[in-house]
Amino acid sequence: MGAIQSIRGFADILPTETPLWRHVENTVRSVLSGYGYQEIRLPLVERTELFARSIGEVTDIVEKEMYSFEDRGGEGITLRPEGTAGCVRACLEHGLLHNAQPRLWYQGPMFRYERPQKGRLRQFHQIGVEVFGMEGPDIDAEVILLSGRVLKNLGLGDVRLQLNSLGTSAARAVFREKLVEYFRARFDQLDEDSRRRLDTNPLRILDSKNPDMQALIEAAPKLPDYLDPESRAHFDALTGLLDAAGLRYELNPRLVRGLDYYSRTVFEWVTDRLGAQGTVLAGGRYDGLVKQLGGKPTPAVGFAMGLERLVALLQESGQAPAAPAPHAYLVTVGDAAVSAGMALGERLRDALPGLRLTLNSGGGSFKSQFKRADKSGAALALVLAESELAAGTITVKHLRAEQEQQTLPQEALVEYLRNLL
C-alpha cells in the first residue's frame, strides 16, 4: 500500500515557509492594530443557507464551488468559501451592530472546489476586514488606504490600485438590461462560461480573462455611464479623498465583483507577476447584505487579501525571510550532563525570554552533537560535559565568528548571553 498524500488543492505549509507566512500575518496585524481594528474569530463551518442567501444561488461559488454536505442531523452545512457572510452573521447574532460602528478583521482558511493552479488552491487563506454602520466615502477611503499600507509595509511597491463604482441595485439593474441586450446580440461570440452567465450573472462576463473575449468586452456598455447621481457623488468624493492622501489609482469600468452583495465602491490591488491570478487584494461596499441576512439596513465596506498570493509575491521578489536560527545549542555529554543541561536550559529561558536555545536530544557522540549544532545555524555551542559539571562551569564555542573558546562559571552565563543578545 502506497503512502497517503494530501488532497489535491490542499497544501502543506512547511517549516521553511512558515517564517514568511508569519512575517505577512504579523505585518498585517500591526497595520490593523494601528488603525484601531479588532479581531473576530469565526467558525470554519456555517449553514449552507447563509451563503445561498448572501452570495447568491446562481453564482459560480454556490452552484459549483462550495464544499457542502449534510451532517448527521440532516442539516445542510458548508465549509466557508469566504468570510464576509459569516462576519455579518456573527455581528447580528451577538448584537455587535446595535448602536455601534465596529471595525473588524478575521483570518483563516477558506474552501472552494475549483481547479488548482498557481495562486489558487481549494483550501486557501485570507485576512478579511469589515466595517459596519458608516455610509460616507471617508470610510471607503480609510479601508483602501489601510490596504495600501499593508502592501507598502510588506515592500510590495509594484501593485496597482483599480477602482470602480457599481452604483445602487436600481442603477445596476438598468445597466444589466443594456449589457444583456448587447451580449445577446453577439451570442455566437461568447465563450461557454459567458453564455451560461448571460441570464444569471451577466456582470461577471466583464471579468472574463479569456483573451478572445477582450475586444467584445471593451466595446460593451460601461457601468459608469449608468450610475445614479448619489453613487456618482459618492465616488467623486472618494477619489477626491484618495487624491488628497496622495494615493495613485486607475479607474477600471470593467471591474466588478463575483458576489451579489456588493454595491457602489469596488476596488482591487493587482499585479502582473502572478499570471492570470493577478488580484492580491479586493473589496468594496456591500450596503444591502446586513438587511439581506435579517438585520436592519446597515452600510458596510470591507476587503479580503489572499495570503498565498502575498507570500508568492514576496518569494518571487526575493524578500522571503529565513527561519531564525538558535542563538545557542547546548551540547551535553553523559547522563548527568543531560539532566543538568535541561535544568540549566530552563534557568536560561527564565532569565532571557528572547533566547532561542536548542538542547541536544537523542544522545550522540561529542563530534556528532557539534555537527548538529553547526547544522542548526546556532551562533554558539554551549558545552556541558563531566569536567564542566565538576567545576560548575560551561564552555562557550563560537560557531560563526573567529573568537576564542571560553570557559565561564555557570552563574556568569546569563550575563554573557544577555550582552550577546
Compute a Gaussian network model of the chain, connecting alpha carbons closer than 10 Å, and tell me which residue from LEU190, LEU408, LEU274 fluctuates the most.
LEU408
Where in region 134-178 does the amide nitrogen come within less than 13 Å of the point 7 Å from the Cα of ALA185, taken along Cα to Cβ?
178
I need the phi-derived Karplus couplings for region 329-345: 6.51 cos²θ - 1.76 cosθ + 1.60, θ = phi - 60°, integer Hz, Gly and Pro marked x.
10, 8, 8, 10, 10, x, 4, 5, 5, 4, 5, 5, x, 5, 5, 4, x
For the chain: relative contact order, % (alpha-carbon pairs under 8 angstrom, 6 or more apart):
16
Under Karplus coefficients 6.51, -1.76 and 1.60, residue-wise ³J(HN,Hα) of region 125-139 in Hz, glycine/proline x
10, 9, 10, x, 10, 9, 10, 10, x, 10, 9, x, x, 5, 6
If one compares the long axis through the Cα atoms of helix 84-93 with the longest principal axis of the Cα atoms of the chain, the angle in degrees, nearest 10, works out at 90
Size of electric dipole in region 93-223: Cβ of Lys, Arg +1 and of Asp, Glu -1, about Cα centre, debye, nearest 20
380
With Cβ to Cβ distances under 10 Å as the rule, what net charge do the other residues near GLY278 carry (K, R +1; D, E -1)?
+2
Extreme residue, positive dipole direction of the chain, given options TYR182, ASN153, GLN315 (C-beta unit charges)
GLN315
What's the angle, to the nearest 10 degrees (0 to 90), between helix 366-376's Cα axis and the longest principal axis of the chain?
20
Between helix 169-184 and the chain: long-axis angle, C-alpha atoms, 0 to 90°, nearest 10
80
Taking every other residue with Cβ under 11 Å from the Cβ of GLY341 and scoring Lys and Arg +1, Asp and Glu -1, one gets -2
What does the C-alpha gyration tensor say about the overall shape of region 104-194? Classify as rounded when a/c is under 1.5, otherwise prolate if a/b is larger than b/c, or oblate.
oblate
Among ILE13, ILE144, ILE394, which one shows the highest mean-square fluctuation when the chain is modelled as a Gaussian network with alpha-carbon springs under 10 Å?
ILE394
Under 13 Å from the Cβ of PRO409, count the other residues' Cβ atoms, weight Lys and Arg +1, Asp and Glu -1, and hand me the total.
-3
Taking GluC sites (Glu not before Pro) that fall in a DSSP loop and have at most 16 other Cβ atoms within 10 Å as cut points, what is the longest piece of the chain between them?
136-401
Everything considered on the Cα gyration tensor (a ≥ b ≥ c; rounded for a/c under 1.5, else prolate if a/b is larger than b/c, else oblate), region 328-420 must be described as rounded
What does the helix-only formula give at 222 nm for the chain: each DSSP H stretch with n ≥ 4 adding -39500 (n - 2.57), the total divided by the residues, and the result rounded to the nearest 500 deg cm²/dmol?
-11000 deg cm²/dmol
First measure r as the distance between the Cβ atoms of GLN292 and ALA219, then evaluate 1/(1 + (r/R0)^6) with R0 = 30 Å and state the FRET efficiency to the nearest 0.05.
0.35
Cα-centred dipole magnitude for region 328-420, charges only on beta-carbon of K, R (+1) and D, E (-1), debye, nearest 20:
420
If you count the DSSP beta bridges with both ends in region 296-421, what percent of them are antiparallel, to the nearest 5?
50
Relative contact order for region 328-420 using alpha-carbon pairs under 8 Å, separation at least 6, rounded to a whole percent?
30
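Read-outs: derived from the displayed coordinates by stated rules, not from any lab. All of these numbers come straight from a predicted model, not from anything done at the bench. Using ideal geometry, Cβ is built from the backbone for each residue, glycine included, and neighbour counts are taken over all protein chains shown.
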